[in-house]
Amino acid sequence: MERRHFLSLLGMAALGSCIPKSQKGNSSVSSLAAGAGSASFSGHQFPELGYAFDALEPYIDAQTMELHYDKHHRGYYNKFMKAIEGGDLVNMPMPQVFAKVSQYGDSVRNNGGGYYNHRLFWENMSPDGGEPSARLLNALVKSFGSFDNFKTEFGNAAKSHFGSGWAWLYMDDDKNLKITSTPNQDNPLMDISPERGIPLLALDVWEHAYYLKYQNKRGEYVDNFWKVVNWKTVSTRWELANKGEWNG
């Protein structure tokens, strides 16, 4: 199967960020992300996957990957583009959209979230993702006591989330690393999220992400996720966020 390539981090910068203080969330992330990357935004684009559909076997099967990427993700993107057609959001980076998503209606919230969340999900997986950088590992240990404790807490957030949604590692406005889960296609950048911050690691726990292989065994899917995490990308994302250079 033809191999696809990730967008570079420079390409991801096209998603730029400007997040004002939320009246609903616990953290604004404004001092970390205000204005970043806006000048380089070149439009909402459907990303290339970056690896073959079977590259994450045996942990994520090829059929699930193909359906998830080419049907579910592409569907969210197409519906999002339809929802914003002819409006100001066409030229607005996604984090800016999310900063005021409560004003734009459910179609933008759900489909924009599905489009953006999956971009991060594909990028933070790889057949050869390595280990966290020393600096990120130290930050995880500082925040959660140990790397194993972090994985347990993140795994519990994913396994215990009721219904469809996502588990997240994110960095708040004070540069603390935290874990949360969100329903449906919400994420920590949205003004409707009770916990707000810059997303670093995303795990999709919608049934379509795992049901063909794992059926109702979400816990097994979550445990196997660690075997395909692209820690190189997650570490880079954290470094940019920590330096105030995050671009979305």
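The overall shape of the range 45-141 is oblate: from the C-alpha gyration tensor, with semi-axes ordered a ≥ b ≥ c, the ratio a/c is 1.5 or greater and a/b is no larger than b/c. For residue 125, the residues whose amide H sits under 5 Å from its own are 230, ignoring neighbours fewer than 5 places away on the same chain, with H placed 1.01 Å from N.
With both labels modelled 7 Å from their Cα along Cα-to-Cβ, the residue 141 to residue 100 distance reads 4.4 nm.
If we count other beta carbons within 10 Å of each Cβ, what is the order of 174, 191, fewest first? Display every interim value, and only then the final one.
Working: 174 11, 191 20.
Fewest-to-most Cβ neighbours within 10 Å comes out as 174, 191.
Would the range 144-248 count as rounded, prolate or oblate if I go by the C-alpha gyration tensor, calling it rounded below 1.5 in a/c and otherwise prolate when a/b exceeds b/c, oblate otherwise?
prolate
Identify the GluC sites (Glu not before Pro) of the range 32-133 meeting these criteria: DSSP loop state and at most 12 other C-beta atoms within 10 Å of the C-beta. Write out the running numbers ahead of the final one.
On the way: sites: 48, 66, 85, 123; in loops: 48, 85.
Here the GluC sites (Glu not before Pro) that fit, given the DSSP loop and packing criteria, are 85.
Loop-located chymotrypsin sites (Phe, Trp or Tyr not before Pro) across the range 142-212 with a Cβ neighbour count of 14 or fewer within 10 Å are 162, with loop assigned by DSSP.
Can you pick out the pairs among 71/151; 213/243; 142/213; 82/213; 151/217 whose Cα atoms lie more than 28 Å from each other? Distance filter (> 28 Å) returns 71/151; 213/243; 142/213; 82/213. Subtracting the Cα-Cα distance of residue 63 and residue 131 from 0.36 nm times their residue separation leaves 21.8 nm of extension gain. The loop-placed GluC sites (Glu not before Pro) in the range 218-248, going by DSSP, that have at most 13 neighbouring Cβ atoms within 10 Å of their Cβ come out as 245.
Hull surface divided by four, with the convex hull built on the Cα atoms of the range 87-153: how many nm²? Each step should come with its number before you reach the end.
Details: hull surface 27.0 nm².
If I average the Cα hull's projected area over directions, I get 6.7 nm².
Read the figures in this text as sums done on the coordinates, not as results from a lab. These figures come from a predicted structure and were not determined experimentally. Ideal geometry is used to build each Cβ from the backbone, glycine not excepted, and the neighbour counts take in all protein chains shown.
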